Amino acid sequence: IVEFLRIWYDEKRIAALLGGLSAQATIERIYLQAASQASRANSPNLVVAALNRDLEEARASDNTDELVSVLVDRAVTGEDVYCCISTVAELRDLSRYSEVLVVSDRMVELGRNNESAWWIIGVILSDIGRHVEALAAFDKAVEFNHSNASAWLHKSITLRCIGRHLESLVAVDKAIEL
């Protein structure tokens, strides 16, 4: 019964059903709570699983637009910051920067405390000439890991791009030191 409920209803519907149960509905409450717990703990997101299958098909078809669409859908639907990071890298390789920015927004939601997320956002923003924003992202990356030589190096390059040469030298010295 628990497996049926987990498959048949999504988390929100299970929560709604739980909220509407009478105090006497003990057995129903037990089954719904178990389904909710199983859904959260052990089950992959069915939408993400379907998108992963779509991604395999899009890769096999060599249709770049379809591939990009599925990559973006999968990244913004999922709950995995590392999926977003790898998607951003792949979209960057395809020079699809508008899509990169969409996925980057989700990456920030999921990885506010993730140095890799901030580093890649800095790289992307630097790639498209948004150097002041890139600098802020590199600052966040080094805030979370002061020993990230790559973040220091990219921070140095970005500082040079906006004409802050002395600060750029300090940052590159830090990168070399690490």
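The values are calculated or read from the model by the stated rules, or taken from the named source; none is laboratory data. Please read all numbers here as calculations on a predicted model, not as lab measurements. Quick reminder, even Gly has a Cβ in these numbers, built from the backbone with ideal geometry, and neighbours come from all protein chains shown. Side chains included, ligands, DNA and RNA excluded: accessible areas come from the protein's heavy atoms. Shrake-Rupley method; radii C 1.70, N 1.55, O 1.52, S 1.80 Å.
Summary of values
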| read-out | value |
| --- | --- |
| Filter result for Arg29 (open to solvent by less than 70 Å² (accessible area, probe 1.4 Å), among the basic types (Lys, Arg) and either modelled with pLDDT under 85 or touching a strand residue (DSSP E or B) at 6+ places or on another chain (Cβ under 8 Å) (or both)) | yes |
| Flag for Glu99 being open to solvent by 50 Å² or more (accessible area, probe 1.4 Å), assigned to a helix (DSSP H, G or I) and of a type in the set (Asp, Glu) | no |
| Residue satisfying condition, being farther than 30 Å from Ala50 by Cα, of a type outside the set (S, T, N, Q) and surrounded by 15 or more Cβ atoms within 10 Å (Cβ to Cβ), within set Arg160, Arg106 | Arg160 |
| Among (1) assigned to a helix (DSSP H, G or I); (2) free of Cβ contacts under 8 Å to residues at least 12 places away in the same chain; (3) more than 25 Å from Tyr97 (Cβ to Cβ) - the single one Ala38 does not satisfy | (2) |
| Failed condition for Ala136, given (1) surrounded by 19 or more Cβ atoms within 10 Å (Cβ to Cβ); (2) within 24 Å of Leu178 (Cβ to Cβ); (3) modelled with pLDDT of 90 or more; (4) hydrophobic (A, V, I, L, M, F, W, C) | (1) |
| Some residue of segment 79-90 being among the small types (Gly, Ala, Ser), under 18 Å from the mean Cα position of the chain (by Cα) and open to solvent by less than 50 Å² (accessible area, probe 1.4 Å) | yes |
